[in-house]
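Heads up: the structure comes next, in structure tokens.
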Amino acid sequence: MYKILEKREIAMRNTWFKIHAPHVARKVQPGQFVIVRAFKNGERIPLTPVMWDKEEGWIVLIVFTRGKTTARMAAELGEGDGILNIAGPLGNPAEMERFGKILAIGAYTGIVEVYPIARAWQEFGNDVTTLHVTFEPMVVLKDEMEKAVGRHILETVQIDPNLDFPANMKNVTRRLTERVRELLEKEHFDLVFMVGPTGDQKEVFEVVREYGIPMEADLHPIMVDGTGMCGACRVTVGGEVRFACIDGPSFDAYKVDWEELIHRVGFYVPKERMAFEEYLRQVRGGVQ
Ligand SMILES: Cc1cc2nc3c(=O)[nH]c(=O)nc-3n(C[C@H](O)[C@H](O)[C@H](O)COP(=O)(O)OP(=O)(O)OC[C@H]3O[C@@H](n4cnc5c(N)ncnc54)[C@H](O)[C@@H]3O)c2cc1C
Ligand code: FES
């Protein structure tokens, strides 16, 4: 059991868990993830250590309430409780190089995965700008980002109660692509990096491609074991089959077969919408 040392809701649908997990804290590097099984007979889900302390043996996970498992984690786990299993660290650490000027983008809770990487890139001597685009009540890590990188840009979108969730998400995508285009139009960047919903990653990639700037994207296919055994996280990159858990999770955006990836993750979209709309009904008293 991995004891929960701290738990708090830091923004709408975003829960902070500080967990005693010495074996992860000792080895984890920016860009890596863990596979968490929180409950007996529960499913395994990938999550990203956002902060950690090797000496004290803790890690922080920030979990976006998205479906059954993440909702159960937010509702049923409290301080002092235990998480059944945490496997990892898994995946490849982010490459630490002097790339130059980097634009690191996080859409929604994707920013929590950007944080450790952007911070390490800045410490390594890069000039890092982070861009976080999300709904206004879902802002996380603003202060931490401002301290960690050269410049943190936050763009928030109001949730319009007269629109359904997909229409609200389209507003975020529009703001995201507009802001990326504005930045690339005005400034030179040597590398763009992005974490967020696959559809948004592709939209941003289409903009970045127009400017011919190298882009890396952390991919989010379904992961089960995280060790290359189950094949669930198969993606096509450069015409070859890759497993995001052992070959990634970060890949050259120019080589990713985005259509195939969107198709594979799209199986779950109706379920995600239902979960979010149910949540909005609970907190706002109704969605038109
Ligand atoms: C490498 C990696 C790191 C991640 N880090 C974080 C993080 O730090 N914080 C965070 O909130 N989320 C993170 N995610 C996403 C997180 O794993 C999913 O939100 C979570 O699995 C949803 O589970 P659910 O049961 O609540 O939702 P469900 O209703 O089961 O699914 C909702 C959606 O979540 C995604 N999903 C569901 N199960 C999995 C799975 N086993 N593997 C991958 N995606 C899945 C699918 O897109 C699905 O459509 C990460 C994903 C990956 C691949
Ligand atoms: S999660 Fe099973 S092969 Fe990657």
Inset, instruction - Using a cut-off of 13 Å between beta-carbons, work out the net charge of the residues near residue 236 (Lys and Arg +1, Asp and Glu -1, residue 236 not included). - result: -2
Inset, instruction - Please work out the average accessible area per residue across region 12-77, using the 1.4 Å probe convention, and give it in Å². - result: 43
Inset, instruction - Treating cross-link reach as a plain straight distance, find the lysines whose alpha-carbon is under 17 Å from the alpha-carbon of residue 54, omitting any fewer than eight places away in the same chain. - result: 3, 18, 27
Inset, instruction - Over region 128-271, give the accessible area per residue in Å² for a 1.4 Å probe, as an integer. - result: 46
Inset, instruction - If a/c stays under 1.5 just call it rounded; otherwise compare a/b with b/c (prolate if a/b is bigger, oblate if not). Do that for region 4-44, with a ≥ b ≥ c from the square roots of the Cα gyration tensor eigenvalues. - result: oblate
Legend entry - Listed peptides 87-97, 13-23, 156-166 by packing density, highest first (mean Cβ within 10 Å): 13-23, 87-97, 156-166
Inset, instruction - Find how much the distance from residue 81 to residue 171 grows on full extension, using 0.36 nm per residue of separation minus their present alpha carbon separation; answer in nm with one decimal. - result: 28.6 nm
Legend entry - Shape of region 131-218, Cα gyration tensor, a/c cut at 1.5: oblate
Legend entry - the chain: mean projected area of Cα convex hull, nm²: 14.4
Legend entry - For the chain: relative contact order, % (alpha-carbon pairs under 8 angstrom, 6 or more apart): 16
Legend entry - Bridge type composition, region 101-266 - antiparallel percent by DSSP, nearest 5: 25
Legend entry - Other-chain or far-sequence residues with amide H under 5 Å of residue 3's (modelled H): 20, 83
Legend entry - Gain upon complete extension [residue 162, residue 225; 0.36 nm per residue less C-alpha separation]: 18.6 nm
Legend entry - Inter-label distance, nm, simple model (7 Å from Cα along the C-beta direction), residue 254/residue 190: 1.6
Inset, instruction - With a length cut of 18 Å (Cα positions projected on each helix's long axis) and a Kyte-Doolittle mean of at least -0.5, go through the chain and give me the DSSP H helices that pass. - result: 110-123
Legend entry - For region 2-90, alpha-carbon Rg and Dmax in angstrom: 11.8, 34
Inset, instruction - Sort 256-267, 215-226, 30-41 for me by packing, meaning the mean count of neighbouring Cβ atoms within 10 Å per residue, highest on top. - result: 215-226, 30-41, 256-267
Inset, instruction - Enumerate the residues in region 27-63 having an amide nitrogen under 14 Å from the point lying 7 Å beyond the Cα of residue 3 toward its Cβ. - result: 56-59
Legend entry - Mean Cα-pair separation over length for region 101-266, i.e. relative contact order, pairs under 8 Å, 6 or more apart, %: 19
Inset, instruction - Show that you can apply the helix-only estimate: for the chain, add -39,500 (n - 2.57) for every DSSP H stretch of four or more residues, divide by all residues, and state [θ] at 222 nm to the nearest 500. - result: -10500 deg cm²/dmol
Inset, instruction - Determine the share of the chain's accessible area contributed by carbon and sulfur atoms, expressed in whole percent, with a 1.4 angstrom probe. - result: 48
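The values are calculated or read from the model by the stated rules, or taken from the named source; none is laboratory data. Since the model is a prediction, treat every value here as computed from it, not as a measurement. Ideal geometry is used to build each Cβ from the backbone, glycine not excepted, and the neighbour counts take in all protein chains shown. When the accessible area is computed, the model is the full protein with side chains, heavy atoms only, and any ligands, DNA or RNA have been set aside. Shrake-Rupley method; radii C 1.70, N 1.55, O 1.52, S 1.80 Å.
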